[in-house]
Structure formats: structure tokens, C-alpha cells
Amino acid sequence: MDSQKLETILDKHDRQPAALLAILQDIQEEENYLPKEDVQQVAKALSISLARVYSLATFFSSFSLEPRGKHICTVCMGTACHVRGAPKLVDHIRREFDVPETGTTKDLNLTLETVNCVGACALGPLLILDQEYHSNMTPAKLDRVLKPIKQD
Amino acid sequence: MTTPIKTAVELSACREKLQAERDPQRKVISICAGTGCRASGAIKLGDALRGALTEKGLDQQVQIRPTGCQGFCECGPLVVMHPDQTLYQKVKAEDATEIVEQGLGEGQVIDRLLYQDAEGKSYRKESEVPFYRHQKHLLLANNSKIDPTLIDDYLAVGGYGALAQVLAEMQPEQVCATIKAAGLRGRGGGGFPAGVKWETCRAAPSADGVRYIICNADEGDPGAFMDSALMEGNPHSVIEGMIIGAFAIAHPGQPIGYVYIRNEYPLAVERLRIAIDQARERGLLGKNILGSGMDFDIQINKGGGAFVCGESTALMASIEGFVGEPRAKHIHTVEAGLYDKPTNLNNVETWANVPLIINRGVEWYTDIGTGDVSDNPWGGSKGTKIFALVGKVNNTGLVEVPMGTSLRQIIYDIGGGINGGKKFKAVQTGGPSGGCLPESLLDLKVDFDQLTEAGSMMGSGGMIVMDESTCMVDVARYFIKFLAEESCGKCVTCREGLRQLSAIIDRICAGKGQEGDIELLEELSTVVMDGSLCALGQTAPNPLLSTLRYFREEYEEHIRDKKCRAAVCQGLITYSIVAENCNGCMICAKKCPEKAITGIKKEVHVLEQAKCIRCGICLDVCKFDAVLVE
Amino acid sequence: MAVQDEQKVSFQIEGRSYQGIREESLLGALRRYGYEVPSLCYHEAVSPYGACRLCLVEVQKGKRRKLTTSCNYPVLEGIEVFLDTEKVVSTRKMVLQLLLAQAPEARSVRELAEEYGVTDTPFKKDEGNACISCGLCARVCKEIVGADAIGFAGRGLGKRMVSPYDETNQACIGCAACVVVCPTDCIGLKEENGIRSIERWHRDLPMKNCKVCERPFAPTFQLNHFADQIGVEKSHFDTCPNCR
């Protein structure tokens, strides 16, 4: 990350160690993941140990330490979505896009993530593709939704 | 720049002015723009309606009001035409012109957009639709009346009136006593009497007078979204509750407010941020609120995606900038919580109840609900509760009912029964710490104590309906795996215990269950509950134990007969082609990822079992009921 | 250290009365009075963490009696402590079975389990592992050494003790306090050819040879760190403790 940008983020939070979570969130918002150099820089700027920053960054599932794909596909795995077939969606996307365990395809085209509930339970299974919500998904509908990405 | 409101008198004047300016007969089209309706296309619809109004030159006369969640997500996007309250459902952008051309005149109704029940009967008004008719909207009542991004809308419906009353007429101790007398119990799941908590926190020593007032908006229970709906739809009600709490708990000391909110709710975060900014602009947050001498402000902290942060000590650790690991609560957080200061934490729905109690009084409030709280705040469950009614039910959405409403009323009268004509099997309440209740308990009156007694719990109010196509072993497997991943991982009993519970259930679902597995699950569950530090571990086995209690035969079938009656567990099912129904359309063969289905056009297809990975896509795509799973 | 009277509280252990210091660790007090309570993750020099769940006791406080770990339970006025109740022992046995499955290579776990008659586990084993994720190494590194070079990564099933990014961390001074304090000997230390290696943290540091006996005795990096810390010349650490 551009060091000026990082400074702005740090200043916004008064360089308070208590704001560590918020600072990392802001970095990820900009960079789409948490670059290692930035994590190291944050530790230095807040005068806290790298171990503490790393523990926090890996504890919370919303952070990614690896670059994420051009497209982000999030499948809701909440209970309502689960009983309506969300696991099948995940299986299907994994197969269709050959997504490895890390969640991001080798060509950095797509990152597959799961989330524990996005609060649209009435419309499950729910899929969020690049921030657009798609409700009542089935594997067959999936193919249509993901088609433009596959050709990307 | 708006001028701050400095006193209660100024607030009343401001409200009167707002009300006088508003024409109750003005045409308003309110569009539900909650997360659910947005997913169904509410934003496009709003744009289309605005376009259609402009085209007709009506954009000055008719107001478009995007609102928060109105509850009936199943039928979204929802549109309500004010003042005559006609409800249109499943409205698409393409319907916009018709609504503007034929829906705005006196008595005009577009029949095809009205809600129709299973028998084909249409309902015009929102209040007549069965889904709404059996509910009691108190907390959600204003959701369709206000644009949550406009504080004036909240003020116009009486908002911040309770705060003004409290600051002008009551002593802090009196406010605590009122909340206690109302029998308000924590809506986050624990059901602890809020008034008792407030009093204890107020009484706890704090050298510098600092007391933290926290709103737990880390609604982590999958299958529950009432807190997000409140924050999206009526954020000021939560803020007003918190300011009243700050006065009751900390005045004349130094109350400091936090909202810890899930980052997975971007819309709720945005709406809350706007609301806090507007409250601050109006002087309802900040220095010397309404001339009371109390300073109070609220900071938003976004969660990082960890279920365990719904636990109070983990949440506080997270606010302090540490990982969300719970700590032992032998010294309670009301005495030493955030930064070791007295800390009062309540959840979103609890805070939203506070203005209601002040406005309408203890007597009115205690008339709603179960039990008697007149001399014991644990003696009953008062007020309403919002449930997220989801799963295999016809009318999914948010449901607000008085405490003590039966499961049957909620699922059948409001929810319209099970969809697809299938048979009810269970309802899961209480989120991952809750349990699954069977048909025999459908008449159970839902309140804190009844649910706990039945082996489940209130939790934050998720209610997931399951039918015969849901496998109860799979449900237990889902929750245990969820909790194993969400455990902070500190206690051996929780981390390793859940790992092993998960492994045993996995093996049962894969058809490799052994005699003795059920007993081992039970024995280990006890150790996980008794041996873990926080509520996550102490309640984690609930979904497993409740399914063992009410659906034990399904476990036995999985282990002994290697059979999954709901045809869910992949290791125990087979897919096959029903020759009589197959017309050789080739769609399944084309879609099968493993090329396990072969056949030529217009001839019965063949499924090769050895290649089948039981992904179920053939079943999903077949339009002729020609795929059988058993 | 003199204890002020107002900090003293009376409480009971197995029916006998004791005077303790308010809010000290119950496990610490129990051990001081000579009671044997097993534990792997507790060390009196650092803050209690409550991870291994072996130091379970039952505590009666007011009307409530509950099972709790004693390391992070504060000594409070009037509590009654019960040690090896049936519930404590049965729970502890299963905790040992869980630990045997998690860390089959940990000798201390096997030995402790045997004391309780637990020789095998019904649970799936993580073969080859000896770490019980108790975090004692990290607490010592942070609270005693002041380096804070290691910590947990992840949570739940994926929680593991690492150096950040599982790489060499310059904050590690190679003092090996973590190695010494580890209850299951799972960190590992090698000193060969004048290099101290802590493989688990990917740390290799050249050692200083003693000016007198000429034997390598500690990593130069660590000695320089200490010298800076206490403000003495680096040459202060030219000789090993034995020859000093």
C-alpha cells in the first residue's frame, strides 16, 4: 500500500492500538487483502508486536492474508441457507472453477468465500457476487450467474 | 447545518413543527429497502418508480420513501401505498409505470400485485394479510413509516420523546427501577433482566465515574436478522435506548457508548452511522444532552467476523484491540468489563425496547407476555419478541409477536405452514446454542423459560423450520462444525471436544457409525459443557443433545441401518433414474459434472453408480421427476 | 512480601479453613498449601490462561456450586473448594483423552493420563503432534522475556502457535525460555557448530564463545539485546556464567 495512504489510515485512528481491528479493516478495504508489509508497518507504527497483529489478523475470518481474486463470490452458509442447500452451491462452484483450498483460483480470477449469515435468511440460499445479492440459488441458476465470470 | 436541540421544550417544538408540515393525506410510496428486499431488486424498483413519477410530472406530489425491513421478505420487494396502506408484493421494476399510472388515484388498486393466500384470496391492506394480522408490531411498527436515513422522520413519529421525558422528569435510579419493573429481559439470548444489570452496573464503584454502555450488534446467530432489521429500519430507536441507559446507569458520571456491529451487515453499519451523525448534529448525542448536564457519545466498532465476539468478554477484548478470546467472568463485567471499568452490555433489540417502556409505561408493557414479574424480574417474559422465521416455511420473514405465542401460531398462522405440502419435522430455535424441537412441542408457548426447559433456548430469535427433507443428524453436524470453527480455541474441552464430536458425527453421516457412538457423543457433550470457560462451549452441544433427545431414531438408523431417511447424508444415499418419468431430454447428462449419466435423446438415461458423486445436480435440473434419491 | 490485612480473605478447601490473598490464583494458593492439582498450562510467573482444563475443581460460591479451572479462579472471601470430586475426576479423565488424541507424542500427557488410569483414547489422534496449544511459551515470551515474538494464529480447529507468518521473527532473541517452559517438550532446541536453532520458530542464531573456556554459551543476538536492555557494554557478556 502507498505509504501516504497508510499514514492517512493510521492518523484517522489516532494510532491507537485499540483501533487495530479497524485499521486492518481499512487496509483490506483498500487493498482487497492484508499485504505483509502493511501488517509489519502497522505493528511498528502502533508500537505493538508483530505477533499481536498477526494473531488478530488470523483470528478474524474477514481478513485475507493472500491476494484475493478479481471477483469475489460469497456463499451464505447460515442455517436457513444450509437447510435449503447452500453446501451444494459451494461444492458446485469448487468443481466448476477448480477452486483450491485457499479459496482463490490460480489465475486470481475468483475467490470463493463463505459467510455465516448475511441476514437475508428468508431468501436463501444466498450468494453474493461482487457485492450483488442473488437469492434462492440453485446449482442450475448458479451457472447462469457465474457465466460472465467464467468467460472473464 | 441544522441547529442543535438544546432542551426538552425545544424538542417538542421541533416535533410539532415537523408534524404540522406533514400532510397525512400526502401520497407516499414506501419501498422496503432492507437487505432482503434489496436482494430481490428493491433498488432498481425505487429508481424505476422515481423515473415513472418524473415522467408523469408527479415527483413533487408523490414521495418515495425507502424504508428498512418490513418483515415479509418472502414476498419482497414490498411496496406500501400511503395513506390507504395498500400492500403490493413481489414488485418488479417493470411494474413501476403501472403503479404510477393506475395505483395513485382514489381507490385505485392493482389487483395482480396484491398478496394472495394459498386459496387464491387477495388482501389489499398490509394489516389484513395473515402474515401481519397475527403479529403485534411494537418494535417494528415504525419501520414502514420512516426513512431510516432521516432523523426528522423519527422525530415526527414521536422519537426521542422518551429520552426527553427521562431527562426532564426522572432520576437515574427511577429509570433503572422502571426497566426492572417492566421485566425486560436480555434479547441477546441470555434473558438476564436488564434492569437488574443496570442497577448493578450503576452501583459498581468507578473511581473516575466512567461507565461503558455497549450495544451488542454482533448478531452472529446464523438464521437470525432481527437486529440488522432494527438497525437498518429504525436505528434511532436503538440510539435512544442507549442514551436513556447511559443516563440511568452512569449519570452524573461519565458514560461512554459503543456499538459493536457485524461487518457482514454493511447496510446496517451505514444506516447506524448516518443516524449517529444526525443525532449528534441535533445535539441528542454529545455535550449536555437536552440541557441535562449529561455528555454521551457513541462510537461504532465493526466486528471482524467471529461468532465468539457475541460473548460479552470477547466483544470487549475486541473493542480493546485484542483477539476475541473470552475471559473468566468470576468478576462480572458490570463491575470490571471494558478497560476494567463497570460496563453494561445489552443487545440491539433490548435497547430498542427501552423507549417503548418509557413511553407506554410499565403496566402496559407487563400486560404483554407471560408470567408475573411484579416481585421477581425472572418471573416471566414480557413484551414482544422478534423472530426470524425462515427455512421450509411458506411465509418467511421477520415476525414480531407477544412472548408466549405458541410455535404453532408462529409457524402455521403467520408462517402459513410448510412449503411444498411437506410434513413438518422440527423447528430450530436459539441459534447454534439452541436446539431442535419436534412436532409434539408445537403448542409450546415461546418464552425464555419454556424454551430452555424444552432443551432449546431463545437465543437472539432465529426460528428455522425444518421439514421431512431435513436430516436431523446433518443439522447437528452443521452446528457442531460451525461452532468448532467459531470457537476461539482456548479451552481444550471446546476446541478438541468439538473437533472430536464433529469427527464422530461426520463418520455417522458417512455411513461409518459404530455401536457406542451415541453414548460417546453424550458423554463427551457433558465434558464440553462442564469443562469450558464461556457460554459458547457451555452450550455448544445443545443442537446435538436436543436432536438426540427428540430424534434419536434418526441417529440409530444412520448407524445401524446405514440409512438417511431425509436423503441428505451423501454417504448414505443413491441417485437413480426413474425410467417411467425419464423422457430423454439429456439435461441431467449434460449437467452431470462426473459424466455419470449417459443416454441418447428421447431414450431413458442411465446413471452409473460408481461414477456418481451424489452432488444432486441431476435432481435439481430434472423437470420431470425422473431422478430419485433414497 | 507483606500482605495487607484488607487483602486477606478466608475460604475453605475440602472443609479446612485457610487465609488467602484476595483475587490471587486459586491454583497458586492450592499448591502453596500442598494440595496436588494437575495442570500443564499454568506457571506462577505468568498470567493464568485456563487452556488445558486439567486444574478443575468444584467451587461453591453462595448457593452456586460449579466446576471451574482453578488457575484463573480468584481466591474470594467465603468460597468453598472441593478437589477430587467424582465430577472433577470424570471430567479430567476425558480431558486427558482429548489431550492424548491431540498430542499423542506428548510424554507428559501420557504420564499424567496413566496416573488417572487413562491409557488410551477413543478419539481420532493427530499423529506426530506434541503441542497442546496451551500458549505458555507465548505468555513467557511476552510477559517475562518481553520479546512477544510468537503467538496464536487462527482460531477454533485451526488455532496453532507460530511465529508470525510462520517465518523468522527478528523479535525472537533466541533465549529459549519457551523451550524450557513448554510442558510437552514440543518446541525443540538444537545447538550445533556454534549455532542455536529453534526450528519451530525458524530461528537460527550464531552463539558467542566464552572468552575464558572458549565454549559457545548463548546467542550473540540475545546477549547484545540484554546488554542494551540493562545498559552495559556488550563486552560485559564476553564470558559465560560458569567462568564469570
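The values are calculated or read from the model by the stated rules, or taken from the named source; none is laboratory data. These figures come from a predicted structure and were not determined experimentally. Neighbour counts are summed over all protein chains in view; Cβ atoms, including those assigned to glycine, are modelled from backbone coordinates with ideal geometry. Just the protein is used for accessible areas: all its heavy atoms, side chains included, with ligands, DNA and RNA removed. Shrake-Rupley method; radii C 1.70, N 1.55, O 1.52, S 1.80 Å.
Is there a residue being open to solvent by less than 20 Å² (accessible area, probe 1.4 Å) and not in a loop (DSSP other than H, G, I, E, B) anywhere in the range A:61-71? There is no residue in the range A:61-71 that is open to solvent by less than 20 Å² (accessible area, probe 1.4 Å) and not in a loop (DSSP other than H, G, I, E, B).
Scanning the range B:133-157 for residues that are open to solvent by 20 Å² or more (accessible area, probe 1.4 Å) and assigned to a helix (DSSP H, G or I), we see that the one that is nearest to residue B:85 (Cα to Cα) is B:133. Scanning the range B:80-107 for residues that are open to solvent by 70 Å² or more (accessible area, probe 1.4 Å) and either farther than 23 Å from residue B:48 by Cα or assigned to a loop (DSSP other than H, G, I, E, B) (or both) returns B:85, B:90, B:92, B:106.
For beta carbons closer than 6 Å, sequence separation of 6+ or different chains, a first residue in the range B:568-579 that is open to solvent by 20 Å² or more (accessible area, probe 1.4 Å) and a second that is in a strand (DSSP E or B), the qualifying pairs are B:576/B:607; B:576/B:628; B:577/B:607; B:578/B:628.
For the range B:223-250, filtering for residues that are of a type in the set (Asp, Glu) and more than 9 Å from chain A (Cβ to nearest Cβ) leaves 1. The lone criterion from (1) assigned to a strand (DSSP E or B); (2) of a type in the set (A, V, I, L, M, F, W, C); (3) closer than 28 Å to residue B:325 by Cα; (4) in contact (Cβ under 8 Å) with a residue 40 or more places away in the chain left unmet by residue C:59 is number (4).
The criterion of being buried (at least 24 other Cβ atoms within 10 Å of the Cβ), touching a Gly at 6+ places or on another chain (Cβ under 9 Å), away from chain C (no Cβ under 14 Å) and not in a helix (DSSP H, G or I) does not hold for residue B:457. Residues in the range C:48-87 that are among the polar types (S, T, N, Q) and facing chain B (nearest Cβ under 10 Å): C:68, C:69, C:72. Based on this model, can you work out whether residue B:531 counts as within 8 Å of chain C (Cβ to nearest Cβ), within 14 Å of residue C:157 (Cβ to Cβ) and either more than 28 Å from the chain's Cα centre (by Cα) or among the acidic types (Asp, Glu) (or both)? So residue B:531 fails the test. Does the range A:52-61 contain at least one residue that is more than 12 Å from chain B (Cβ to nearest Cβ) and at pLDDT below 95? Checked the range A:52-61: no residue is more than 12 Å from chain B (Cβ to nearest Cβ) and at pLDDT below 95. If you go through the range B:415-454 and keep only what is touching a residue at least 40 places away in the same chain (Cβ under 8 Å), part of a loop (DSSP other than H, G, I, E, B), on the phi > 0 side of the Ramachandran plot and surrounded by fewer than 24 Cβ atoms within 10 Å (Cβ to Cβ), you end up with just B:416. Is the range B:317-336 home to any residue that is of a type in the set (Val, Ile, Thr), closer than 21 Å to residue B:536 by Cβ, within 14 Å of another protein chain (Cβ to nearest Cβ) and open to solvent by less than 10 Å² (accessible area, probe 1.4 Å)? Scanning the range B:317-336 turns up at least one residue that is of a type in the set (Val, Ile, Thr), closer than 21 Å to residue B:536 by Cβ, within 14 Å of another protein chain (Cβ to nearest Cβ) and open to solvent by less than 10 Å² (accessible area, probe 1.4 Å).
Looking at the structure I just gave you, is residue C:135 in contact (Cβ under 8 Å) with a residue 40 or more places away in the chain, within 12 Å of chain B (Cβ to nearest Cβ) and in contact with a Phe, Trp or Tyr (Cβ under 7 Å, 6 or more places away or on another chain)?
Numbers: in contact (Cβ under 8 Å) with a residue 40 or more places away in the chain: yes; within 12 Å of chain B (Cβ to nearest Cβ): yes; in contact with a Phe, Trp or Tyr (Cβ under 7 Å, 6 or more places away or on another chain): yes.
When the stated conditions are applied, residue C:135 passes them.
Out of the residues in the range C:37-68 that are out of contact with any strand residue (DSSP E or B) (no Cβ under 6 Å at 6 or more places or on another chain) and among the β-branched types (Val, Ile, Thr), state the one that is surrounded by the fewest Cβ atoms within 10 Å (Cβ to Cβ). Filtering the range C:37-68 for residues that are out of contact with any strand residue (DSSP E or B) (no Cβ under 6 Å at 6 or more places or on another chain) and among the β-branched types (Val, Ile, Thr), the one surrounded by the fewest Cβ atoms within 10 Å (Cβ to Cβ) comes out as C:46. The numbered conditions (1) modelled with pLDDT of 95 or more; (2) in a helix (DSSP H, G or I) are all true for residue B:228 except (1).
If only residues of the range B:586-630 that are in a loop (DSSP other than H, G, I, E, B) and either without any contact (Cβ under 8 Å) to a residue 12 or more places away in the chain or basic (Lys, Arg) (or both) are counted, the one that is farthest from the other protein chains (Cβ to nearest Cβ) is B:602. Scanning the range B:467-510 for residues that are facing chain C (nearest Cβ under 9 Å), part of a helix (DSSP H, G or I), farther than 22 Å from residue A:114 by Cα and not charged (D, E, K, R) yields B:492, B:493, B:494, B:497, B:500, B:504. Exactly one of these conditions fails for residue B:168: (1) open to solvent by 60 Å² or more (accessible area, probe 1.4 Å); (2) outside the structural domain of residue B:268 (by TED's automatic domain parsing). Give me its number. It is condition (2) that residue B:168 fails.
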